[in-house]
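As structure tokens, the structure follows; a few thoughts come after it.
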Amino acid sequence: MTSDRLSHAVEAGLTLPATGRILLLGAPGDLDLRDFPEDRCDVVQGFRPDHDAWAARGLPVSTEAGGDHGAAVVFLPRARDRAEARIAAACAAAPGGLIVVDGQKTDGVESMLRAVKARVPVAGHVSKAHGKCFWFTASDAFGDWARGPACNAHGHWTAPGVFSADAPDPGSERLLAALPPKLGGTVADLGAGWGGLASGLLTRDGIRTLHLVEADHAALDCARRNVEDARAVFHWADATRWKPTSPLDTVVMNPPFHQGRRADPAIGQAFITAAAKALKPTGHLWLVANRHLPYESVLESRFRETAEVSGDARFKILHASRPAR
């Protein structure tokens, strides 16, 4: 969809500069580069699966925008504050250059177009495949959109677009309250986010090592600030592919279940499968999920014992043990 829209924009008059580097901020790892000079492109991607996909394709890829570019293409994320920060970063990385913004309607591209038009002239825009692509000249008019990690009202470091940035997640709080006193010596938090769940886990003396596994680089950076405990080990990794060096006693998690704005239970199901592979034969999995998510069948296929131990109309706390091999 994104590639079709960008091609349509080129046909409608969008012209990329003939010289200079081109920055791609938040580009998906499978983006078709047929309309880009591939040898002049730099990618900024903080989501580990997409970051690895770009590295495998051989393009320069980093987690932060920098350098001097002639143009920048912003791929809108779901979170509005992260989208604004991306546009500000694009303008800073390509001063006076071309800024292209591409996004789905469901990710707020129409409201973003209106917000940009209120600040600077927009040179052109096209609509295609349930989204829009628009472009303008980089400006310092977006300086107030430049946001980075900051402390929230609860004293936790979070960043634009990070899950539950304003306050501790109520599901994670329910999970912590339902956990038994002893979890074993080696524990992992899959999808650790900014470290809210991990901070609660580390109040337990029995844990010798806690692995925080998180695919969002910005979230993991916040977790490093929030979790100042020598027992914490941080992994910037796709939780569905991460493998511990030795089997774990317990996995605890509040897995994500959205791809963009669309609910996708397969993500949480993949987390459960990864947890089963990472655990000892006597290991335990504890997770919280929204009531409607269909996780029970995959739990029953991956573990010999499963149960719902707590819950209400919104959340359910699930426990599974003895992973099936």
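Set the Förster distance to 25 Å, then compute FRET efficiency between residue 166 and residue 30 from the Cβ-Cβ distance, nearest 0.05. Show your work: numbers first, answer last.
Working: r = 32 Å, r/R0 = 1.28.
It comes out at approximately 0.20.
How much accessible area per residue does the chain have, counting only protein heavy atoms and a probe of 1.4 Å, in square angstrom?
Accessible area per residue: 45 Å².
Do the sum for the chain: with -39,500 (n - 2.57) for every DSSP H run of n ≥ 4, divided by all residues, what is the mean residue ellipticity at 222 nm, to the nearest 500 deg cm²/dmol? Walk me through the intermediate numbers first.
Values: 9 runs with 89 residues, N = 325.
Dividing the helical sum by the residues of the chain leaves -8000 deg cm²/dmol.
Could you work out what % of the accessible surface of region 13-109 is carbon and sulfur, using a 1.4 angstrom probe and leaving DNA, RNA and ligands out of the count?
Details: 1950 of 3860 Å².
Answer for region 13-109 is 50 percent, counting heavy atoms of protein chains only.
Return the loop-located GluC sites (Glu not before Pro) in region 266-325 (DSSP other than H, G, I, E, B) with at most 14 other Cβ atoms within 10 Å of their own Cβ; answer none if there are none.
Working: sites: 296, 300, 305, 308; in loops: none.
Those that pass, being in a loop and sparsely packed, number zero.
Test of the criteria: in region 7-104, which GluC sites (Glu not before Pro) are in a DSSP loop and have at most 13 other Cβ atoms within 10 angstrom of their Cβ? Could the numbers behind the result be given before it?
Numbers: sites: 11, 38, 64, 84; in loops: 64.
Qualifying residues, ordered by number: 64.
For residue 44, list long-range residues whose amide hydrogen, built 1.01 Å from N in the peptide plane, is under 5 Å from its own amide hydrogen.
Close amide H contacts, sequence-distant or interchain: 24, 25, 26, 27, 62.
How far apart, in nanometres, would the label points at residue 273 and residue 229 be if each is projected 7 angstrom from Cα along the Cα-to-Cβ direction?
3.1
HN-Hα J couplings of region 58-71 from phi, Karplus 6.51/-1.76/1.60, θ = phi - 60°, integer Hz, Gly and Pro as x?
Result, ordered by residue: x, 8, x, 9, 9, 9, 9, 6, x, x, 10, 10, x, 7 Hz.
Using a 10 Å cut-off on Cβ atoms, rank the peptides 242-251, 13-22, 281-290 from the highest mean neighbour count down. Walk me through the numbers on the way to the answer.
Values: 242-251: 17.0, 13-22: 14.8, 281-290: 20.3.
Answer by packing, highest mean first, reads 281-290, 242-251, 13-22.
I want to check the label-to-label distance for residue 297 and residue 150. Put each point 7 Å from Cα in the C-beta direction and report it in nm to one decimal.
For the pair residue 297/residue 150, the computed spacing is 4.4 nm.
Which trypsin sites (Lys or Arg not before Pro) in region 259-317 pass both tests, a DSSP loop state and at most 11 other beta-carbon atoms within 10 Å? Present the calculation step by step, with values, prior to reporting the outcome.
Details: sites: 261, 262, 277, 291, 302, 304, 314, 316; in loops: 261, 291, 314.
Counting only loop positions with at most 11 other Cβ atoms within 10 Å, the trypsin sites (Lys or Arg not before Pro) in region 259-317 are 261, 291, 314.
What FRET efficiency comes out for the pair residue 110/residue 64, r = Cβ-Cβ distance, R0 = 22 Å, nearest 0.05?
On the way: r = 28 Å, r/R0 = 1.28.
So the FRET efficiency works out to roughly 0.20.
Give the carbon-plus-sulfur fraction of the accessible surface of region 169-325 in %, rounded to a whole number; probe 1.4 Å, heavy atoms of protein chains only. Show your work: numbers first, answer last.
Numbers: 3510 of 7070 Å².
Within region 169-325, the accessible surface is 50 percent carbon and sulfur.
The values are calculated or read from the model by the stated rules, or taken from the named source; none is laboratory data. Only a predicted model underlies this, so the values are computations on that prediction, with no experimental measurement involved. Note that we place each Cβ from the backbone using ideal geometry, even for glycine, and neighbour counts take in every protein chain shown. For accessibility, only protein heavy atoms count, side chains too; no ligands or nucleic acids. Shrake-Rupley method; radii C 1.70, N 1.55, O 1.52, S 1.80 Å.
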